[in-house]
Structure formats: structure tokens, C-alpha cells
Amino acid sequence: MGVNIGQLRDWLKSYDRDSITIGVVASHSSLQILHGARMEGFRTLGIAVGDNRRRFYSAFPGAEPDEWLMLDNYREMLGHAEWFRQRNVIIIPHGSLVEYLGTTNFRNLEVPTFGNRGILHWESSRERQRKWLEEGGCLMPKVIDDPHEIDGPVIVKYAGAKGGEGYFIARDYRDFKRNVNLDEDFTIQEYVLGCRYYMHFFFDPTATDGFQVQGRGSHAGKNLGRLELMSMDRRDESNVDEFYKLGSLRDLREMNLEPSFVVTGNMPVVIRESLLPRAFEMAEGTVAASYELEEGSRGMIGPFCLETIVSDRLEFRVFEISARIVAGSNPFIGGSPYSDINEEFMSTGRRIARSIRKALISDKLDQILS
Ligand code: ATP
């Protein structure tokens, strides 16, 4: 299932290399992607449902798409595959696109797409993610299989929840029972106390310079490509981030209030410089492991985010990976303290466009698309 490399190459044969259009669903990190595409000299296409969405973009002329595709439902994108290909469109996926289309539809969308869609299979299940990240050398929060064994703070996560919706914290079995919705699949994780850092990396398999990821297993001895750190954020989560203002957890429970983890915004951060080598080690391991996930895996391509918590012992726990551009990179449309060191005004969105531009020149488009 999904698009194979032969199909991709067939589509690309008919693409006019001088009129590539960067297409994106108008949401999530689209301002950044559209702005970055324009900076790299590409035509742009916005895909949206509802006229309000389109009007809103006129507030940002620097990112306003050159063309719009207005739909009644995002799933109509599937039926527009030929339309996209006739316009030489490369779709840049983000979290909202995958959510709106559903993972199966996204994998079957017959349009060249930036990054490796095959990685979604690994990213979309908590168990598979854990296997991948642990093989990459990341330490993850412990999982508690039996709720009776909760003997310290845990976070209960529902499958498929987006942006932390519905998650809750429990200190013991009683707390768990009081809040859990047994109709849904959930995972119980040790609650890791520490500061959160969402680290935005970019992996370019076509680059032979810079920090080269060393292959492992069947790729041992090979340089796989260049790893870059683009930026870092921390999320604003409502209401847990403001909860402390109302008193202790006990006071709040007496008022029938429970902390929630719904993402409402993002803030730029940097991490202690002495933690950066470990951050790179984890990211390198994760990229190297992505090539070993299954036979013939094309591995990680482009932006990905390691979502981490650093304890007061300066140890990282990685609680999730997002294998595409994350909305946490939005504070850095004008560059970040990390990306500025290499080139100013290089957002992740622009880095994606740059990578397409370079691949067009070196005739390696099929190495970064799927
Ligand atoms: P998204 O897919 O948007 O990244 P999600 O719904 O998968 O979000 P998570 O990122 O897993 O949710 O977690 C949501 C929030 O819960 C995190 O940002 C973090 O604040 C908190 N969190 C998650 N896991 C843990 C943990 N093990 N210990 C402490 N806090 C955690």
C-alpha cells in the first residue's frame, strides 16, 4: 500500500523542473512553508476548505499563496491528484494534513510529497515509536502496564489524541479510576519531572558535508547524510501551565479541576550548550535507526522533532517523535539562534524549499520525495 519509488519517478518524469509549485494545506505551519518556498523562488499553492481561511491569508502578503485550491472537504485532495501533478505540485505535509486526510489516505495520495511517507507507519503507533527511539539510543518514560501498579505520578495518554487533549495525571490507582475513560485505548507513562524541550532537527540525505550521520546495521560504515539543528521550542499548554496560580493540586481537585495539556502556542527556547552533544547523539541514533526499521526503509527525510524532558540530573527522556515539520518551529520564521549560525533567515519551512531547490539542481528529487 502507498506510493512506491517507481511510481514517484514516473510522475517526476513529466514534471516541468522550471515550474515546480510548493503546495500546502493552509494550516499548522503553512505560513512558514509558504514564506520559505517563496524565498527560494518557488510558486506556491494553498489548499483550503472554507472561504474564511483564504481571506485570512491576505493578512500575510509575504506568505499568501500564488494560487488556491478550494475544497469542500480535505479528502477531495485524493481525487485532485492529477490536477496537482499537472501543475508540478510537491506537497509539503504537516500534522494537520495527516490529521485531516487520515494516515491511509495520506499514504495513498498520488502526488509527490516531501519526506518519507513510509515513516508514518512507525510514527503513528506508540509501541513502534518506542522501538524505533530506543533502538536509536533514546531513553523513554517507563510504561506502566497494570494501573494497580501506579505508585507515583503518571500521565495517561489516549491513542490518537491530538495536542495532548484528554490526557490526565494520576498519582495512584484511585486517581486513575476516577478519571479514566475505559472506552478508549490508553497508555500509562511515568510522569517525568523536568523541563520540556522540543528539538527541531533536519536531515538531508543528499548532503555530503556537515555533521554526517553514521549508518548502523546494514548501513554500517556509510555516511547517511547531514543532520542539522534548526530550532527549539517549548509549548504553552492550557491549562496545566497556569494551574499553579490557583493553589495546590489538592485545592484544585476540591474545586473539581484537573490539569489538561491542550497546546495553545509555542515559545522559543535554547538548551544548555553542554546538552547539545547528547541531543545530537540521540538525533543521529534516531536517523540511523530509521534506516533499519524494515527492509528497504528509506529512512528519515527532512524535518523531525524529538520531544524531550530534561531532569535535574541533566538526563533526557524522549516522550515522542514527530517525523515532519512541527508547529513548534513557527516562532522561527525569521531564523533561530541555531540556524542563524549557519545562514540567517533559515526557517524549517525555507530549509525544506532549499532542499527541493538543491535536489532539482543535482537531479536528486526522488531522494527527498515519496
Ligand atoms: P502531539 O502529537 O501534538 O505532539 P500528543 O497528543 O501526542 O501531542 P504528547 O506530546 O505525547 O501529546 O504529550 C502532550 C504533553 O504532555 C507534552 O507536551 C508534555 O507536556 C506532557 N507529557 C507527555 N508525556 C509526558 C511524560 N511522560 N511526563 C511528563 N509530561 C509528559
Open item on the list: Give all pairs with beta carbons closer than 7 Å in which a residue from region 237-261 that is part of a helix (DSSP H, G or I) meets a residue that is among the small types (Gly, Ala, Ser) and within 16 Å of the ligand (Cβ to nearest atom); count only pairs at least 6 apart in sequence or on separate chains.
Closed with: Val240/Ser260
Task: Residue count, region 210-227 (criterion: free of Cβ contacts under 8 Å to residues at least 40 places away in the same chain, part of a loop (DSSP other than H, G, I, E, B) and basic (Lys, Arg)) - done: 1
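Only one residue in Gly285, Gly265 is closer than 22 Å to Phe332 by Cβ and within 22 Å of the chain's Cα centre (by Cα). Which one?
Working: Gly285 fails: closer than 22 Å to Phe332 by Cβ.
Going through Gly285, Gly265 in turn, the sole match is Gly265.
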Task: Counted residues, region 164-177 - those being exposed (fewer than 15 other Cβ atoms within 10 Å of the Cβ) and modelled with pLDDT under 90 - done: 1
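Name the residue that is most open to solvent (accessible area, probe 1.4 Å), counting only residues in region 122-145 that are assigned to a loop (DSSP other than H, G, I, E, B) and within 14 Å of the ligand (Cβ to nearest atom).
Residues of region 122-145 assigned to a loop (DSSP other than H, G, I, E, B): 124-125, 136-142, 144-145.
From the residues that got through so far, the ones that are within 14 Å of the ligand (Cβ to nearest atom) too are 124-125, 138-142, 144.
Details: Ser124: 72, Ser125: 20, Cys138: 7, Leu139: 91, Met140: 20, Pro141: 2, Lys142: 133, Ile144: 33 Å².
Result: Lys142.
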Open item on the list: in contact with a strand residue (DSSP E or B) (Cβ under 7 Å, 6 or more places away or on another chain), modelled with pLDDT under 95 and within 16 Å of the ligand (Cβ to nearest atom): is that true of Pro259 in this structure?
Closed with: yes
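Examine region 170-182 for a residue that is of a type in the set (Gly, Ala, Ser), farther than 28 Å from Ser231 by Cβ and more than 10 Å from the ligand (Cβ to nearest atom), and state whether such a residue exists.
Filtering region 170-182 down to residues of a type in the set (Gly, Ala, Ser) leaves 170.
Remaining after also requiring farther than 28 Å from Ser231 by Cβ: 170.
Filter once more, so that each one left must be more than 10 Å from the ligand (Cβ to nearest atom): 170.
Within region 170-182, one or more residues are of a type in the set (Gly, Ala, Ser), farther than 28 Å from Ser231 by Cβ and more than 10 Å from the ligand (Cβ to nearest atom).
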- [ ] Output the number of the condition that Ala207 fails; it satisfies all remaining conditions of (1) open to solvent by 30 Å² or more (accessible area, probe 1.4 Å); (2) part of a loop (DSSP other than H, G, I, E, B); (3) touching a strand residue (DSSP E or B) at 6+ places or on another chain (Cβ under 9 Å).
- [x] (1)
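Quick one: how many residues across region 283-322 are more than 16 Å from the ligand (Cβ to nearest atom) and assigned to a helix (DSSP H, G or I)?
7
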TODO: State whether the residues of region 343-352 include one that is among the charged types (D, E, K, R), in a helix (DSSP H, G or I) and touching a helix residue (DSSP H, G or I) at 6+ places or on another chain (Cβ under 6 Å).
DONE: yes
TODO: Take Ala81 and decide whether it is among the small types (Gly, Ala, Ser), in contact (Cβ under 8 Å) with a residue 12 or more places away in the chain and surrounded by 21 or more Cβ atoms within 10 Å (Cβ to Cβ).
DONE: no
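Residue by residue, here is whether (1) out of contact with any Lys or Arg (no Cβ under 7 Å at 6 or more places or on another chain); (2) open to solvent by 10 Å² or more (accessible area, probe 1.4 Å) holds:
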{"residue": "Ala288", "(1), (2)": "no, no"}
{"residue": "Tyr291", "(1), (2)": "yes, yes"}
{"residue": "Arg298", "(1), (2)": "yes, yes"}
{"residue": "Ile309", "(1), (2)": "no, yes"}
{"residue": "Ile321", "(1), (2)": "yes, no"}
{"residue": "Gly334", "(1), (2)": "yes, yes"}
{"residue": "Asp340", "(1), (2)": "yes, yes"}
{"residue": "Met346", "(1), (2)": "yes, yes"}
- [ ] Considering only region 5-25, state which residues are outside any helix (DSSP H, G or I) and in contact with a Ser or Thr (Cβ under 9 Å, 6 or more places away or on another chain).
- [x] Thr21, Ile22, Gly23, Val24, Val25
Task: Residue among Ser248, Ser218, Ser231 that is over 21 Å from Ser311 (Cβ atoms), buried (at least 16 other Cβ atoms within 10 Å of the Cβ) and of a type in the set (S, T, N, Q) - done: Ser231
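The values are calculated or read from the model by the stated rules, or taken from the named source; none is laboratory data. Just so it is clear, the model here is predicted, and its values are computed rather than measured. So basically every Cβ, Gly included, is an ideal-geometry build from the backbone, and we count neighbours across all protein chains shown. Just so you know, the surface numbers come from the protein's heavy atoms only, side chains and all, with ligands and any DNA or RNA stripped out. Shrake-Rupley method; radii C 1.70, N 1.55, O 1.52, S 1.80 Å.
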